[in-house]
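Report on the following structure.
The values are calculated or read from the model by the stated rules, or taken from the named source; none is laboratory data. Predicted, not measured: the structure shown is a model, and the values here were computed from it. Note: ideal-geometry Cβ built from the backbone for every residue, glycine included; neighbour counts use all protein chains shown.
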Amino acid sequence: MKNIITYILIAIIFCACTKQDEWLSEKSQKNIVVPKTLVDYQAILDNQAWIHNIFSNDCLVSADDFYLNDTGFNSEDENTRNFYSWNDNIWVNGRSHVWNDFFSIIFKSNAVIDGLNDKDKNLIANIDHYNNVLGQAYFYRAIIYYNLAQIFCKTYDSRQASSTLGLPLRKSSDVNIIYQRSNLKDTYQFILEDIERAINLLPTQGKHNRRPSKVVAFGLLAKIYLVMENYDNAFKYAHESLKANSTLLDFNSSYIDMNSTYRFQSDGYNHPEILFFAKSQRKSMVLPYNRTNGFVANELYAQYDINDLRRSAFFIASGNNYKYRGSYTGSLASFCGIANNEIYIILAESAARIGEEFIALDALNRLLTNRYTTNTFIPYSECKGEDLLKLILQERRKELVGVGNLRWEDIKRLNKDSRFQVILIRMINSKEHVLLPTDNRYVFPIPEEEIQSSGLQQTPR
């Protein structure tokens, strides 16, 4: 165990340096310190550069909220062009930063889990602190595996999950163990078990929104059960999360500065809605307007009412088109975490799907009241059945535009229902590209680098 933890510290130092010679110099000057205390293990999980800042917004390039004109497309990097055109081979040189970064977080989480589980609990002076750190590690492993599943696996279908390719479930920090792909049912079961462990260990509220808490874990469970079409549990855990923290940001408040470049305050430390902060700034196409070639889909922008403050908070005019102004990060990065606005929409959708239409409308109205100019929003009251569900899904898209990979995830899961299927069509340099609802290209391929090193079974593309 001591050697395994040493490896993780070596890896961390290597990641922190920009060049290998710097790392070698660092190593020669300092002894490698094996984490021993709870403070040491917490420090591994607290480092934002290695965890919170390397989430993914890559799939938004493949979705329909943003588009490129030919000039923009031709000026993008090869990886982005591959994503945008749904190319069969999307990873340049067979290497994926998404795969590598996410599994580096899993590796760190496993190192903390292994290290803490190896300790004699009878010798732990502060068992609450111990449980908190261990619970955080289980949470990180769960949320990262969930994100990986949305990118590299088919959307969950209980009828086929046992025969559908899942992910390699790395349960140990021992780098010598090579894991093969599990099935999708086992992948989701592993994720759910980790979250349940986290819930039993974490405090109700975290110290700040960079640390997981029981409330955040409830929110993550609601997200996962929504994707799994287990709407009763999605409803249950969205309710549990909001019962502990139901705060919404009033877009009329001074927290939002409609005269600043980024409407929201920097890095979301004081954002009242954010439960768990994470971000990504990899894909320039979907970054704020002064850094991007991408435009917001005109049909999406047209859905916002003139009194809807999200029009000004999220978008800015660019000639005859519109660009994305930015998200809850208050910076050029995309927000990839969990916030109460998403939990309210999960509550609304799951409630509508299980026949609790009054609760669905109430959740939606509570959210939208905080999004419109004061006294201009007229609450919905007569919407029912399929019309209500369509309304909620429309508002979900409008509210969560530019957040992580959510739009791509939603298209994948909704394509299973003929009422909500999306056919994606692009014109690129005078050539039409089409992505049908059942297309295998909704699942990203495992990077060839990983196939060669681990022998993983490739996803049909």
Scanning segment 53-71 for residues that are more than 19 Å from the chain's Cα centre (by Cα) and either hydroxyl-bearing (S, T, Y) or buried (at least 18 other Cβ atoms within 10 Å of the Cβ) (or both) gives Y67, L68, T71
Between F235, F251, which is in contact with a Lys or Arg (Cβ under 7 Å, 6 or more places away or on another chain) and either among the aromatic types (F, W, Y) or outside any loop (DSSP other than H, G, I, E, B) (or both)? F251
Assess whether V401 counts as being modelled with pLDDT of 95 or more and touching a Pro at 6+ places or on another chain (Cβ under 9 Å). no
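Rundown of residues vs (1) without any contact (Cβ under 8 Å) to a residue 60 or more places away in the chain; (2) on the phi > 0 side of the Ramachandran plot; (3) surrounded by 14 or more Cβ atoms within 10 Å (Cβ to Cβ); (4) touching a Cys at 6+ places or on another chain (Cβ under 8 Å), yes/no style:
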| site | (1), (2), (3), (4) |
| --- | --- |
| K243 | yes, no, no, no |
| D250 | no, no, yes, no |
| R263 | no, no, yes, no |
| N298 | yes, no, no, no |
| R311 | yes, no, yes, no |
Among the candidates A333, A317, A302, single out the residue that is crowded, with 17+ Cβ neighbours inside 10 Å and either farther than 24 Å from D46 by Cα or in contact with a Lys or Arg (Cβ under 7 Å, 6 or more places away or on another chain) (or both). A333
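Listed here are the residues, each with its yes/no results for (1) buried (at least 16 other Cβ atoms within 10 Å of the Cβ); (2) aromatic (F, W, Y); (3) within 22 Å of the chain's Cα centre (by Cα); (4) not in a strand (DSSP E or B).
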residue	(1), (2), (3), (4)
P379	no, no, no, yes
L391	yes, no, no, yes
R407	yes, no, yes, yes
I411	yes, no, yes, yes
V434	no, no, no, no
T438	no, no, no, yes
P445	yes, no, yes, yes
Among the helices (runs of 4 or more DSSP H) lying completely within segment 30-142, list those that include at least 1 residues that are in the same structural domain as Y188 (by TED's automatic domain parsing) and within 24 Å of D439 (Cβ to Cβ). 70-75, 78-84, 97-117
Could you list, in sequence order, the residues of segment 306-327 that are assigned to a loop (DSSP other than H, G, I, E, B) and within 22 Å of the chain's Cα centre (by Cα)? R325, G326, S327
Restricting attention to segment 218-241, report how many residues are in contact (Cβ under 8 Å) with a residue 12 or more places away in the chain, out of contact with any strand residue (DSSP E or B) (no Cβ under 9 Å at 6 or more places or on another chain) and among the polar types (S, T, N, Q). 1
